[in-house]
1. Using a Förster distance of 41 angstrom, determine the FRET efficiency expected from the C-beta separation of A:E65 and A:E18, and round it to 0.05.
2. Percentage of Cα-Cα pair distances in the stretch A:90-137 greater than 12 Å, rounded to whole percent?
3. Once Lys and Arg get +1 and Asp and Glu get -1 on their Cβ, which of B:H44, B:I145, A:Q207 lies farthest toward the positive end of the dipole of the protein assembly as shown?
4. Expressed as a rounded percentage, what relative contact order does the stretch B:22-74 have, with Cα pairs under 8 Å and six or more residues apart?
5. With 32 Å as the limit, write out which pairs from A:K11/A:K76; A:K11/A:K201; B:K87/B:K179; A:K190/A:K238 have Cα-Cα distances beyond it, or answer none.
6. Tilt of helix A:379-395 relative to the longest C-alpha principal axis of chain A, in degrees (0 to 90, nearest 10)?
7. Let's test this: bin the Cα-Cα distances of the stretch B:132-217 at 5 Å from zero up to the farthest pair and state each bin's percent.
8. How large is the translational diffusion coefficient of the stretch A:308-382 in µm² per second when you combine the Kirkwood radius over alpha carbon pairs with Stokes-Einstein at 25 °C and 0.890 mPa s?
Amino acid sequence: MISQYSGISPKGDLILLERLGEKLKGKSFLHINSTRAGGGVAEILQRMVPILVELGIDARWEVIEGDERFFDVTKKIHNAVQGNPEKITEDMWRHHYEINKKNAERINLDADAVLIHDPQPSPLIEFRKRGRWIWRCHIDVSHPVKEVCDYLLRYCRRYDAAVFSVAKFARAMGVDEFIIPPSIDPVSEKNREMSPDEINKTLDRFQIPADRPMLLQVSRFDRFKDPIGVIKAYRMVKKYNDCILVLAGSPATDDPEGEAVLKEVREFAADDPDIHILLLPPFSDRDINALQRAATIVIQKSLKEGFGLTVSEAMWKGKPVIGGAAGGIPLQIIHGATGFLVHSVEGLAFRIRQFLNNPEMVQRMGENGREHVRNNFLITRQIRDYLSVWYYLENKRALIEL
Amino acid sequence: MEEIRPFEFKQCVNLIKSTGLKARNLRELRERTAVVSGESIFHHTYQYFLKGRVLEYTNDFAHWAGESLEERALSEHLSNVDPYAFKNIEDLRMELLNVIDGYLKNFPEPREAMPGDEFYFNETVTLTSPLGIKAKNLAEFLIAIKYVDAAAIYYHFYEARVRLGVDDFSKWLEDSLDKKEVAERIRGIDPFMHSTEEIRKHIYEGIEEEVRTEMEAVGL
């Protein structure tokens with residue numbers, strides 16, 4: 001399995017993975033999250049656990065179980081941690097703890113290292129047997145509801161280390177805190193190489209013409225992704241350059257506003273035949289891959305963003321990306337080198353025109369972007385970093401020679 | 001005849017560790033820079049080039065002053081601070097503080113960074129490992145330099161200066177191969193004016209020219 005990445009991931013990362021594998025050989029590494037399928041965490045774990053096993057590490061992945069109330073509570077906690085006003089009562093916290101207690105009785109928590117993903121299973125630390133315990137926070141905790149965050153911190157402070165995706169999500173917790181950005185899997189269905197035939201099939205099915213430059217934004221129909229702003233920018237560009245706009249997104253079933261936003265977008269696009277609004281069902285990875293490969297320029301004009309991995313997905317396909325300076329987007333777009341960061345509709349329109357009038361720039365920034373992703377945002381780097389954190393906790397030295 | 005010591009290519013990668021400290025404006029930056037760990041100062045200056053950033057700045061402090069505070073003159077002053085010119089981190093820290101103090105004297109009320117755009121003080125855990133590639137002569141070195149990862153170029157060209165005061169490449173070329181001229185050429189590459197890939201290109205071109213000269217000298 002790891003051989004799939006040779007020739008794709010940096011050689012140095014693969015060598016380091018082998019070395020860390022040798023150092024940690026035979027030790028047990030337990031991952032626990034709250035869902036087996038769906039969502040970025042499960043996606044990465046599905047790929048990561050077999051790679052860890054291949055490296056000689058006794059890796060296991062367990063999923064906590066809970067009733068409907070538990071998941072209602074954890075959804076509220078999740079929203080509150082991301083800044084939505086939510087009230088978690090003492091009774092709800094107790095239920096959160098009790099369900100984790102039941103899971104602790106069911107799951108074998110005995111391991112040399114335990115990585116707990118996100119807030120749902122965080123109380124499991126109370127039932128620690130031994131080993132290094134690391135809390136991995138995948139969500140944006142830069143502006144949490146204070147009371148909820150403080151309550152969660154009671155658990156998180158008991159871990160040996162915490163891991164956040166972006167530096168601004170970290171908080172002074174009194175434990176070692178590491179910054180490990182998320183990653184994309186270059187051999188997955190969403191990112192693998194595709195033949196022109198495969199790409200054309202998708203375009204034909206959605207009746208998207210390939211005769212003009214294509215601007216693409218892939219995202220949920222959510223106000224924070226500013227789809228209306230993208231259409232406004234496209235209209236500004238259209239006065240100077242002929243192009244088409246594709247807005248592709250999954251329906252946001254857990255977001256009551258999703259339907260309203262989609263309606264607004266459709267109304268705003270009116271009857272422009274060059275605007276294509278695609279409502280993709282979940283698991284449309286192949287179509288997303290094809291659209292990203294067919295695009296001339298990829299846009300991610302988010303006003304608020306967790307990490308925004310669609311930026312890395314597009315850059316991996318050699319596309320220059322114009323993104324809003326939100327969440328993890330500035331980590332991925334090196335302004336002026338792999339794309340542009342913009343702060344307004346006008347800024348977006350200007351950068352699109354710059355690209356459309358400069359194919360050499362499109363190619364150069366696209367190539368830079370692919371290299372930037374290769375060096376920083378592939379799954380092999382993320383596994384390398386997790387193992388490095390574990391190895392660091394065993395040695396506690398700032399300089400480690402492997 | 002004394003055997004030539006081969007050049008062993010190594011790489012280093014950094015794991016970012018948060019200090020939990022952040023600054024929203026220049027006064028806070030000054031305050032925190034005065035007390036933060038030496039490792040954090042090291043990370044935000046010496047390790048700037050590992051991040052593949054635009055070469056408008058030479059360290060994270062200058063980058064933040066320019067991009068987030070939009071204090072252009074300050075970012076120019078900070079970019080002019082050469083970390084390799086100082087004997088230790090404390091002297092470097094003092095120089096950064098002097099530059100900030102000088103600016104605050106003239107412009108006592110600089111703007112605040114936008115929320116989310118604060119300066120976050122980080123440190124690193126550095127992991128080094130050999131790449132399993134050794135070069136015994138110039139020709140082998142030439143091939144290796146073309147294909148090793150950027151993390152290896154960084155380790156031998158930038159990180160080495162902290163360890164040895166000079167880059168590993170020119171040191172080996174001079175000490176082991178007695179190639180003073182090409183060593184001097186590599187030392188002449190300004191570490192602040194190039195990306196890691198450009199550094200690779202300059203080193204490659206320098207070595208390639210030397211190999212060509214050697215071959216011509218023996219009539220090949």
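1. Efficiency for this residue pair is about 0.70.
2. 61 percent
3. A:Q207
4. RCO, the stretch B:22-74: 22 percent.
5. Where the Cα-Cα span goes over 32 Å, the pairs concerned are A:K11/A:K76; A:K11/A:K201.
6. Around 30 degrees separate the two axes.
7. 3, 14, 28, 30, 18, 5, 2, 0
8. Roughly 202 µm²/s, to the nearest whole number.
Just so you know, all these numbers are worked out from the coordinates, no wet-lab data involved. On a predicted model such as this, the values are computed, not experimentally measured, just so you know. Ideal geometry is used to build each Cβ from the backbone, glycine not excepted, and the neighbour counts take in all protein chains shown.
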